[in-house]
Structures are given as structure tokens and as C-alpha cells.
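Nothing in this text is a laboratory measurement; each read-out follows from the coordinates by a stated rule. These numbers were taken from a predicted model, which means no experiment stands behind them. Note that each Cβ is placed from the backbone with ideal geometry, even for glycine, and that neighbours are counted across all protein chains shown.
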Amino acid sequence: MRAWITTAALISASLLAAPAVAEDNQAGLPLTPSDAAGPWTVASGGRDLCVITLSAKKTASGAYAASAPGTCGADLPAPVSGWQPTADGMRLVGADGSQGIAFNRWSNSLFVSHRASGVDLQLRRGRGPAG
């Protein structure tokens with residue numbers, strides 16, 4: 001009898017926790033510029049690398065503005081000056097609109113770019129501890 005009660009309690013607890021996770025997972029919905037605007041921490045291999053700032057303002061190339069400090073230079077494949085929402089995440093782009101790097105959405109506050117090296121690059125909403 002106790003095993004059944006314990007099992008029922010665990011199932012109930014997991015069902016109650018599910019809506020909180022689902023609220024942050026908006027897969028299938030494109031990220032809106034107003035939702036994305038603000039600082040995002042670029043991280044890889046468990047280290048915060050730099051902070052980029054996304055804007056809801058359109059640029060001449062049709063992307064939304066983004067600013068990345070020079071310290072991001074070696075970690076991002078091209079100088080970043082904009083971003084674009086995609087069906088499954090976002091992509092950071094250069095001044096001419098050329099794609100620099102694509103990120104898949106894991107949640108509204110976490111986007112991941114799977115790299116050929118096996119070390120993923122992450123974008124996390126907000127400033128990291130070092131930012």
C-alpha cells in the first residue's frame with residue numbers, strides 16, 4: 001500500500017511541475033523581436049565567453065540589430081551586427097545579412113548551436129556571472 005501511495009505522490013508532483021517547464025518551452029513559435037531584446041550570454045564548455053545585446057530595431061539589411069563586444073570575436077564565426085528569428089530558433093548575422101551562426105531554441109531563455117567540434121555554443125538570456 002505504501003509503495004502505491006509513494007508512486008502516486010511522485011506522479012502527482014511531476015504533473016504539477018510540468019506546466020512550469022512548458023511555459024518556457026515555446027518550440028514551434030518564432031521568437032519575437034520584443035521577446036529577444038536585451039542581453040544574452042554566449043557560453044561554451046561551461047564558460048561564459050561574452051555578452052551580446054539583441055535589439056528589436058530593424059537594420060538596413062532587414063535583420064534586427066545586435067551588438068557584440070570584440071571579446072566575442074574568436075568565439076563567433078563572424079562579426080555579429082544583427083539577428084533574425086527562424087522557425088526553430090534564431091541566427092546571428094553579419095552587417096550584410098550573411099549568416100554567422102544558427103541557434104536552435106531549447107527554451108525561451110536558452111538557444112544552442114551544435115558545433116562540428118562537439119562543443120556546443122549557447123545563448124542564455126541575461127548576463128552571466130562574469131558579464
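Taking a sphere under 15 Å around the Cβ of GLY38 and counting the other residues whose Cβ falls inside, with K and R at +1 and D and E at -1, yields a net charge of +3. Amide hydrogen proximity for GLY100: with H placed 1.01 Å from N in the peptide plane, the residues at 5 or more positions away or on another chain lying under 5 Å are LEU92, VAL93, GLY94. The 3J(HN,Hα) values that the Karplus relation (6.51, -1.76, 1.60; θ = phi - 60°) gives for region 68-73 are, in residue order, 10, x, x, 5, 7, x Hz. Gly and Pro appear as x.
Summed over all non-identical Cα pairs, the Kirkwood treatment of region 33-125 gives a radius of 12.9 Å.
Taking amide H as placed 1.01 Å from N in the peptide plane, VAL51 has its amide H under 5 Å from the amide H of VAL42, each at least 5 places away in sequence or on another chain.
Once backbone amide H atoms are built at 1.01 Å from N, TRP106 has PHE111, VAL112 as its partners under 5 Å, excluding neighbours fewer than 5 places away on the same chain.
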